[in-house]
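Let me begin by presenting the structure, written as structure tokens, before commenting on it.
The values are calculated or read from the model by the stated rules, or taken from the named source; none is laboratory data. Small disclaimer: the values here were computed from a predicted structure and weren't measured. Each accessible area value is taken on the protein alone, full model and side chains, heavy atoms only, with ligands, DNA and RNA left out. Shrake-Rupley method; radii C 1.70, N 1.55, O 1.52, S 1.80 Å.
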Amino acid sequence: MVEILLYMCNSSLPRYLGDMSPSSVAGKIIGGLCASLGVILLAIPAGIFISEFMKLHEERQLEKAVSDEVSLASKLEHHLNEALGTIQKLEKAASFDKLEERSSKIYQRNSMTS
């Protein structure tokens, strides 16, 4: 029994790989079953957990990217509204200046004719 545990420990560590090996057919069968069960019980569930973790991680990254885009879009909309307001104010000021120029021209014409 102790030799079986020692064999299992030695075969699972790379440093001791090949130091011990079973010599009987039954030992080789048990060793093969232990190796197969190790893959089934450890490697396959670990792969499933890792793939699920990766899916969750990708979903969180996607949610973060979408929220960042929404935030950026709202900031852009705010700045565009400010720029539009400024443009409208400038247009009003320009139209007021044109009106003032026209009225001064009319005043000058009237003052010259009188």
Query raised in the report: How about region 79-103: which of its residues are open to solvent by less than 100 Å² (accessible area, probe 1.4 Å) and at pLDDT 80 or above?
Result: Asn81, Glu82, Ala83, Leu84, Gly85, Thr86, Ile87, Gln88
Requested in this report: Answer yes or no: is there a residue in region 26-40 that is at pLDDT below 80, among the hydroxyl-bearing types (Ser, Thr, Tyr) and open to solvent by less than 90 Å² (accessible area, probe 1.4 Å).
Outcome: no
